[in-house]
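Engineer: Starting off with a structure, shown below.
The values are calculated or read from the model by the stated rules, or taken from the named source; none is laboratory data. Because the structure is predicted, anything quoted here is derived from the model rather than measured. Cβ atoms come from the backbone with ideal geometry, glycine included; neighbour counts cover every protein chain shown. Quick note on the areas: whole protein, heavy atoms, side chains included, nothing else; ligands and nucleic acids left out. Shrake-Rupley method; radii C 1.70, N 1.55, O 1.52, S 1.80 Å.
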Amino acid sequence: MPDVSSNLSQAVPLEAEQPAFEPRVVAFFCTWCTYMAADLAGTSRMKYAPNVRVIRVMCSGRIDPQFVLAAFANGADGVLIGGCHPGDCHYQEGNYNCLRRVRLLKRVLEELGIEEDRFRLEWISAAEGDRVRVVINDMVEKLRALGPLQMKKEVALRPLSPEEHALQEVAV
Amino acid sequence: MAESKDIDRNGVQIGVYVCHCGTNIAGTVDVKALTEYAATLPGVTMARNYKYVCSTPGQELIKRDIHELGLNRIVVAACSPCLHEKTFRNVVAEAGLNPYYFQMVNIREHDSWVHTDKRAATEKGKDLIRAAVRRVRLHKPLERKRVSINPAVLIVGGGIAGIHAALTMANAGKHVYLVERDATIGGHMAMFDKTFPTLDCAACILTPKMTAVKSHHNITLWTLSEVTQVDGYVGNYQVTIKHKPRYVIEDACVGCMECIDACVYKQAKVPDEFNMYLGKRKPIYIPFPQAVPQVVVIDRESCIEFKSGKCKKTCVEVCADRKAIDFKQQETTETIEVGTIILATGFFTFDAKRVPYYGYGIYPNVYTGLEVERLINAAGPTNGEVILRDGRKPQRVAIVHCVGSRDENTNRYCSRVCCMYSLKLAHLIKEKTEAEVFNFYIDMRTPGKGFEEFYNRVADEGTHFVRGRVADIYPNPGDGGRLLVCAEDTLMSTVRKIPVDMVVLSTGLEPQADAQDVRRRFHITCSTEGFFLERHPKLAPVNTFTDGVFLAGCCQGPKDIPDTVAQAGAAAAEALALIDIGYIEQEPNTAHVLEEVCSGCKTCIPLCPYQAISFAENKKKAEINEVLCKGCGTCVASCPSGSVQQNLFEDEQIFAEIEGLLAYA
Amino acid sequence: MTREKPKIAFYWCASCGGCEEAVVDLAEEILDVVAAADIVFWPVALDFKRRDVEQMPDGSILATFLNGAIRTSEQEEMAKLLRRKSKLLVAFGSCSHLGGIPGLANLFTRESILQTVYFETPTTENPECVLPGVPGKDGNGKLTLPYFSERVRALDQVVEVDYYLPGCPPLPRIITRAVATLLGEHLPDKGSVLAPDEALCTECPRKDSKPEKIALKSFKRPQEILIDETQCLLAQGLLCLGPATRAGCEAPCVQGNMPCTGCCGPPGRVRDQGAKALSAIASLVDSQDEQEIDTVLASIPDPVGTFYRYSLPASLLAHSRKV
């Protein structure tokens, strides 16, 4: 049986010389635990990678899966969610709701070709400033290794032949 | 709140203020570059940087720009919103705009303080400002709601913290419900003999306050009672309280205690909890002579009437017409309404059996500090004599510090009081027995008024101090039951094995065993160690993250009596401050249903932990009670048709923030 | 007095033909449509050619109802042609609206699809390795199949769309109402979906049977249980997407004792139907333990196929990451 893939995608276009890849991470932190922990990391002058931008929400339960998708869609290489430890939610149960959504969303993202390390949920209490540092550094490191987000289903295709280009040009 | 101008979104004019915070921000972030960048963003009319935007001139600058340039949205890039969001909202309001036409950007805690690369920190600042500028365009004017505050207060726990807070509040004319789960108030302090470093008698200073609680017309005291449920919100809590049966009608009992004498048990046979099981009591008893209320209690576990139903009930006979004894008493519950709550639920002493190599529970002459406290006490099981279980007077005593504290295997924290109470016990044991006393310590921690002086005094009295953690305690073979205490003396660099008659383990303080249940009931959080978490370790040490719930005493962390009393007073003052204003302004970040488009699918209803969402049968749609809503937004994220929105955190506002963060060139 | 009747057109792209059936299903009502408008192009029923359309003046068709997603170069050409010739372009049916079932092909690479379809299926004989877009030979001469593009797109990802008619296929009642609206004087806002902007529960016959709290230890597939014909399907553990799906169809699937699969797309406030649906469904899981949550969720065998059955090409992720 002939293999069509060699016919369709022999040549991956050469990447031009580019500046070193710096991953971008959008983080959604709940105001009571993880946002406070990030503040604590600040007041304690801990140092961590500058790749994360935090969006504050009242509770991890507010994080709509649409926000995660929107972040990836707009160019984030990773999304980090931070909430209170199980049992510690300021609103009692919001973090459990977050957990349920995240578990299901993770399966969807994986199926859509987004690597597991790009989407992370961490429980970080207001007292755990160092955990913010450790998690962010670790995530950025992993994203650096993964490279920019590219959905794996969109493998590079061979360049079109002139005839095919002509076909693509709409003649009307 | 100043009258607000509603603003047409098309006429958005944004002012961006970048704070230097001295060099705190400007040292790492190029504030000038941020300002120049902000000025290029769509909608931005004015962008400035200033040394301290939160200062009075900084605030005036914003107000002037609002008036002179017609700004109608303000973005301040400075410290954490947790610090100054309120400040700047007020500035915006004072200038005549709605205070919620404001967004704060955290370029200090989340940027300049955590990064060293200036370029990267500046780029991050640009992204954050761009997100805020996009977001603030979509902000809507909001009103804070005022909720009145019920002046009654609930105080949970009748130890010295609860007692002091109760008296403070009651003296200020507020009604106090004091709930204690034991049969008497007094807590741990009632068990102590003397208190360090002044050596005044604990009972002498505590019992007048206990009596004052009982007789105070503003205090409702409930012993043998527990809080089972807390509903509502600051100013308007509904609290359900369970009253366990005492089998004695409190109002009928006069505390004559004739029933105790008359009990069919001629001898006291039941191990006595108050005396750390070193003494005995009868099934009908009073916990200790000064107990408040002065009312007996029946222990159904040991009472023959409860066990067999065939007791002669001599207690009932002797009670006669007073008819105070009621074997049929049932558990009851009642609900009260209060505006504020003070938690003073105290601590749990570390279980020394968790350090098996110290032999507690194995060797009879190994005691805990609290047990010795009872032995020393004149009202204790030995009438104040420090004697061993076999009746001997100890001649050599070892006191082991840091049992269950500063230990990787148990608790890493210092329990703060053990060094001082170990010194106190050393002094008292020596005084009572003239024994030779050895204190084994890691570090001697005496940071308090008169503490170091007390240490010197005890040292001068001849107590031996060995610096070293005790590694093992075991019987000294052929030495008549004496124990060997082994430790490396780190000052002498030798291993010492000291034979003693008695070992006192200075056990540390732990959170109450049910602290996790309690904090869930009151919607507060715990620190890693399990003590209740204060809102801010320095600036809000008695507040919690739940408005209207305050902390006093060791439930927040180990502390001594003076600190406990000071904290109890502070908690009472915080509660009084709330009550005095009479109302509280609530953040308007509540959720609401877009009624015309809600399909009534009910997905949101069970997700609300506050039962704020209900199904309106007439409209077949969900409804949110704004007063009950606390603004978590869980229902918003779960609404499958986007028909629930949260003020300040609307979907479109958050999308704008996401897109803004990532819309870099 | 006679006046020229407005012209309308129907066309199909990547679709199953069900949308054409839906027009036919109008039955006598099609006569009302014909009475009100001239059908100038409808390849499935009337013999018009592409060149007939090319000869029409630009903008001369009042409305074109185009069903099917866009996958091939020919479909893209026709979409652009009809866009030019029409005042209003209406995306007709789920495929055109959101990408539809053909959109699930975006889970696979173009290569793997071609490999399967042109070489691997048991009945395929293709010794000359003919592929779409690559010139080949038939008996008489040169033959070129339209180029098969990298991914399936919804119509508005190719051309500007004025209105959307949701459904797989749109129900007759939605079609007649929409045609009447478009022929009427007051046009709805451009970009509108011509169906109510609420979720399906509004008009579900089983709405009243839905309990306030549903807590599930596992999700069920229709073949696994005996479905109670009166009770809310979600409450029975079935993955009904009604709460996340636009109303207007009056729940024929539920009336047929089958759960809603989401063909009408999300209400207007939702940017991503799948994300919103999964958010609501996840909240039904009766557990706080991560492992147990995973076990419960494992009873959803195909989350993407479930939550994005009709909307994958229009999802937030796919939408923004065009190849």
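Engineer: Going by the structure shown, is B:ASP489 in contact with a Pro (Cβ under 9 Å, 6 or more places away or on another chain), open to solvent by less than 30 Å² (accessible area, probe 1.4 Å) and away from chain A (no Cβ under 14 Å)?
Structural biologist: On the way: in contact with a Pro (Cβ under 9 Å, 6 or more places away or on another chain): no; open to solvent by less than 30 Å² (accessible area, probe 1.4 Å): yes; away from chain A (no Cβ under 14 Å): yes.
In short, no.
Engineer: Would you mind listing the strands (runs of 3 or more DSSP E) fully within the stretch C:32-137 where at least 2 residues are away from chain A (no Cβ under 11 Å), in contact with a strand residue (DSSP E or B) (Cβ under 7 Å, 6 or more places away or on another chain) and within 28 Å of C:ASP272 (Cα to Cα)? Full working, then the answer.
Structural biologist: Values: elements: C:38-41, C:61-67, C:70-72, C:86-92.
The qualifying strands (runs of 3 or more DSSP E) are C:61-67, C:70-72, C:86-92.
Engineer: Which one is nearest to B:GLY404 (Cα to Cα) among residues in the stretch B:419-471 that are open to solvent by 60 Å² or more (accessible area, probe 1.4 Å) and in a strand (DSSP E or B)?
Structural biologist: By that ranking, first place goes to B:ALA471.
Engineer: Going by the conditions given, is B:ASP127 surrounded by fewer than 23 Cβ atoms within 10 Å (Cβ to Cβ), within 14 Å of chain A (Cβ to nearest Cβ) and in contact with a helix residue (DSSP H, G or I) (Cβ under 9 Å, 6 or more places away or on another chain)?
Structural biologist: In short, yes.
Engineer: Also, quick follow-up: Exactly one condition in (1) over 12 Å from C:LEU241 (Cα atoms); (2) facing chain B (nearest Cβ under 8 Å) is false for C:LYS276; which is it?
Structural biologist: Here C:LYS276 meets the rest and fails (1).
Engineer: Just checking, does the stretch B:371-384 include any residue being part of a helix (DSSP H, G or I), buried (at least 23 other Cβ atoms within 10 Å of the Cβ) and β-branched (Val, Ile, Thr)?
Structural biologist: Yes, the stretch B:371-384 contains a residue that is part of a helix (DSSP H, G or I), buried (at least 23 other Cβ atoms within 10 Å of the Cβ) and β-branched (Val, Ile, Thr).
Engineer: Which of the residues spanning the stretch A:37-47 are at the interface with chain B (Cβ under 7 Å from one of its Cβ atoms) and either more than 15 Å from A:LEU80 (Cα to Cα) or modelled with pLDDT under 95 (or both)?
Structural biologist: If the condition is that a residue be at the interface with chain B (Cβ under 7 Å from one of its Cβ atoms) and either more than 15 Å from A:LEU80 (Cα to Cα) or modelled with pLDDT under 95 (or both), then A:ASP39, A:ALA41, A:GLY42, A:THR43, A:ARG45, A:MET46, A:LYS47 are the ones that fit.
Engineer: Next up: So for the stretch B:515-523 (the condition being under 22 Å from B:ALA577 (Cβ atoms), at pLDDT below 95 and within 14 Å of chain A (Cβ to nearest Cβ)), does at least one residue qualify?
Structural biologist: yes
Engineer: Also: Among (1) touching a residue at least 60 places away in the same chain (Cβ under 8 Å); (2) more than 14 Å from chain B (Cβ to nearest Cβ); (3) closer than 30 Å to C:GLY237 by Cα, where does C:ASP197 come up short?
Structural biologist: Here C:ASP197 clears every test but (2).
Engineer: State all residues of the stretch C:83-101 that are open to solvent by 40 Å² or more (accessible area, probe 1.4 Å) and of a type outside the set (D, E, K, R); if no residue qualifies, say none. First the steps, then the outcome.
Structural biologist: Taking the stretch C:83-101 and keeping what is open to solvent by 40 Å² or more (accessible area, probe 1.4 Å), we get C:83-84, C:87, C:101.
Within the stretch C:83-101, just C:ILE101 meets the criteria.
Engineer: Among what's in the stretch C:117-133 and is within 29 Å of the chain's Cα centre (by Cα) and closer than 20 Å to C:ARG71 by Cα, pick the residue that is surrounded by the fewest Cβ atoms within 10 Å (Cβ to Cβ).
Structural biologist: Once the filter is applied, the top-ranked residue is C:VAL117.
One line per residue, one yes/no per condition, for (1) surrounded by fewer than 22 Cβ atoms within 10 Å (Cβ to Cβ); (2) within 17 Å of C:ALA298 (Cα to Cα); (3) out of contact with any helix residue (DSSP H, G or I) (no Cβ under 8 Å at 6 or more places or on another chain):
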position: A:LEU99; (1), (2), (3): no, yes, no
position: A:LYS106; (1), (2), (3): yes, yes, no
position: A:GLU110; (1), (2), (3): yes, yes, no
position: A:ASP117; (1), (2), (3): yes, no, no
position: A:ILE136; (1), (2), (3): no, no, yes
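Engineer: Can you name the condition, by its number, that A:ALA37 falls short on among (1) closer than 22 Å to B:GLY530 by Cβ; (2) open to solvent by 30 Å² or more (accessible area, probe 1.4 Å); (3) touching an Asp or Glu at 6+ places or on another chain (Cβ under 6 Å)?
Structural biologist: The one condition A:ALA37 does not meet is (2).
Engineer: Can I ask one more? I want to confirm something. Restricting to the stretch B:604-631 and keeping residues that are at positive phi and within 11 Å of chain C (Cβ to nearest Cβ), which single residue is most open to solvent (accessible area, probe 1.4 Å)?
Structural biologist: Ranking the qualifying residues of the stretch B:604-631, first place goes to B:GLN611.
Engineer: Given the criterion surrounded by fewer than 24 Cβ atoms within 10 Å (Cβ to Cβ) and within 16 Å of B:THR446 (Cα to Cα), identify the matching residue among B:ARG392, B:ARG406.
Structural biologist: Exactly one residue qualifies, and that residue is B:ARG406.
Engineer: I need the full set of residues from the stretch B:306-321 which are surrounded by 10 or more Cβ atoms within 10 Å (Cβ to Cβ) and of a type in the set (Asp, Glu), in order please.
Structural biologist: Correct list: B:GLU317 only.
Engineer: Can you tell which of B:ARG144, B:ARG64, B:ARG89, B:ARG137 is at pLDDT below 95 and more than 12 Å from every other protein chain (Cβ to nearest Cβ)?
Structural biologist: B:ARG144
Engineer: Can you go through C:ILE281, C:ILE293 and tell me which one is open to solvent by less than 10 Å² (accessible area, probe 1.4 Å), within 23 Å of B:ILE605 (Cβ to Cβ), more than 13 Å from chain B (Cβ to nearest Cβ) and part of a helix (DSSP H, G or I)? Let's see the steps before the verdict.
Structural biologist: Numbers: C:ILE281 fails: more than 13 Å from chain B (Cβ to nearest Cβ).
After applying the criteria, what remains is C:ILE293.
Engineer: Check whether at least one residue in the stretch C:180-189 is open to solvent by 50 Å² or more (accessible area, probe 1.4 Å), acidic (Asp, Glu) and within 14 Å of chain B (Cβ to nearest Cβ), and report yes or no.
Structural biologist: no
Engineer: Can you confirm whether B:ALA552 is within 11 Å of the chain's Cα centre (by Cα), among the aliphatic types (A, V, I, L, M) and either surrounded by 23 or more Cβ atoms within 10 Å (Cβ to Cβ) or in the same structural domain as B:ILE163 (by TED's automatic domain parsing) (or both)?
Structural biologist: In short, yes.
Engineer: If B:TYR277 satisfies every condition in (1) in a loop (DSSP other than H, G, I, E, B); (2) of a type in the set (Phe, Trp, Tyr); (3) open to solvent by less than 50 Å² (accessible area, probe 1.4 Å) but one, which is the exception?
Structural biologist: (3)
Engineer: Separate question: Evaluate the stretch C:223-235: report whether one residue or more is assigned by TED's automatic domain parsing to the domain that holds C:GLU250, within 23 Å of the chain's Cα centre (by Cα) and charged (D, E, K, R).
Structural biologist: no
Engineer: Let me ask something else about it. Return the residue satisfying two criteria in turn: it lies in the stretch B:592-603 and is free of Cβ contacts under 8 Å to residues at least 40 places away in the same chain and of a type outside the set (S, T, N, Q), and of such residues it is farthest from the other protein chains (Cβ to nearest Cβ). First the steps, then the outcome.
Structural biologist: We begin by selecting, within the stretch B:592-603, every residue free of Cβ contacts under 8 Å to residues at least 40 places away in the same chain; these are B:595-596, B:600, B:602-603.
Filter again for of a type outside the set (S, T, N, Q), leaving B:595-596, B:600, B:602.
Values: B:GLU595: 11, B:GLU596: 8, B:GLY600: 6, B:LYS602: 5 Å.
Out of the qualifying residues, it is B:GLU595.
Engineer: Checking the conditions here, which among B:ASP111, B:ASP117, B:ASP127 is touching a Gly at 6+ places or on another chain (Cβ under 7 Å) and not assigned by TED's automatic domain parsing to the domain that holds B:VAL234?
Structural biologist: Being touching a Gly at 6+ places or on another chain (Cβ under 7 Å) and not assigned by TED's automatic domain parsing to the domain that holds B:VAL234 holds for just one of B:ASP111, B:ASP117, B:ASP127, which is B:ASP111.
Engineer: Within the stretch B:105-117, identify whether any single residue is at the interface with another protein chain (Cβ under 10 Å from one of its Cβ atoms), in a strand (DSSP E or B) and crowded, with 24+ Cβ neighbours inside 10 Å, and answer yes or no.
Structural biologist: There is at least one residue in the stretch B:105-117 that is at the interface with another protein chain (Cβ under 10 Å from one of its Cβ atoms), in a strand (DSSP E or B) and crowded, with 24+ Cβ neighbours inside 10 Å.
Conditions tested, residue by residue: (1) touching a His at 6+ places or on another chain (Cβ under 9 Å); (2) on the phi > 0 side of the Ramachandran plot; (3) without any contact (Cβ under 8 Å) to a residue 60 or more places away in the chain.
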| position | (1), (2), (3) |
| --- | --- |
| B:VAL29 | yes, no, no |
| B:ASN49 | yes, no, yes |
| B:ARG64 | no, no, yes |
| B:GLU68 | no, no, yes |
| B:LEU71 | no, no, yes |
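Engineer: Which residue pairs have Cβ atoms under 7 Å apart, sit 6 or more places apart or on different chains, and have a first residue in the stretch C:172-183 that is more than 14 Å from C:VAL34 (Cα to Cα) and a second that is open to solvent by 50 Å² or more (accessible area, probe 1.4 Å)?
Structural biologist: C:PRO172/C:ASP25; C:PRO172/C:GLU29
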